[in-house]
Amino acid sequence: MVMDKDIEYWLEIAEYDLDTARALLGSGRYAYVLFMCQQAVEKILKGLVVKNTHKLPPRLHNLLRLSELTGLDLEQGKKELLEKLSYYYLESRYPEEQKKITAEVDRKVAGDYLLETEEIFTWLKSRLK
């Protein structure tokens, strides 16, 4: 049976990833801000999967699919953010795409995504309690 420690584990590393996104924004590594935002949301969603299903989460990175597994009813704006963040996980894994993303993402874009991520993260975290 899945224990509270599993949920705590996912929350702890999700918060660490969100803090890392904040640090990367300050250091000017904007493409990686988006990657870490995706990672933070992925991990908190996995914590919610554990909480709501009493099973370990699957090894997948699609945030929309993970959100479906939580059983939460997300409004359209939240779903769109999850879809956008999923892009930055998938595309950042390939060198040619990494260069493209690095060229497209500036401080404002990264900061805007970080703010949106913080908002959904807070909302998701409230569902963990």
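The values are calculated or read from the model by the stated rules, or taken from the named source; none is laboratory data. Since the structure is predicted, the reported quantities are computational estimates derived from the model, not experimental observations. Virtual Cβ from ideal backbone geometry, glycine too; neighbours counted across all protein chains shown.
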Inset, instruction - Note down all Cβ pairs under 6 Å where the first residue falls in region 102-129 and is free of Cβ contacts under 8 Å to residues at least 12 places away in the same chain, the second is exposed (fewer than 13 other Cβ atoms within 10 Å of the Cβ), and they're at least six residues apart or on different chains. - result: none
Legend entry - Residue in region 104-126 that is under 21 Å from GLU12 (Cα atoms) and either touching a strand residue (DSSP E or B) at 6+ places or on another chain (Cβ under 8 Å) or of a type in the set (Lys, Arg) (or both) present: yes
Legend entry - Matching residues in region 87-113 - criterion: being surrounded by 14 or more Cβ atoms within 10 Å (Cβ to Cβ), at pLDDT 85 or above and not in a helix (DSSP H, G or I): VAL105
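Matching residues to (1) within 24 Å of ARG22 (Cα to Cα); (2) among the small types (Gly, Ala, Ser):
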position: ARG59; (1), (2): no, no
position: GLY77; (1), (2): yes, yes
position: GLU80; (1), (2): yes, no
position: LYS84; (1), (2): yes, no
position: PRO95; (1), (2): yes, no
position: THR102; (1), (2): yes, no
position: GLU116; (1), (2): yes, no
position: LEU124; (1), (2): yes, no
Inset, instruction - Sort through LEU82, LEU72, LEU64 and tell me the only one that's in contact with a Leu (Cβ under 6 Å, 6 or more places away or on another chain), farther than 18 Å from ILE13 by Cα and touching a residue at least 40 places away in the same chain (Cβ under 8 Å). - result: LEU82
Inset, instruction - List every residue pair whose Cβ atoms sit under 6 Å apart, with the two residues 6 or more apart in sequence or on different chains, where the first one lies in region 1-23 and is within 18 Å of PRO58 (Cβ to Cβ) and of a type in the set (D, E, K, R) and the second, anywhere, is at pLDDT 95 or above and crowded, with 19+ Cβ neighbours inside 10 Å. - result: ASP6/VAL50
Inset, instruction - Collect the residues in region 1-31 that are under 17 Å from LEU85 (Cα atoms), at pLDDT below 95 and among the basic types (Lys, Arg), keeping them in residue-number order. - result: ARG29
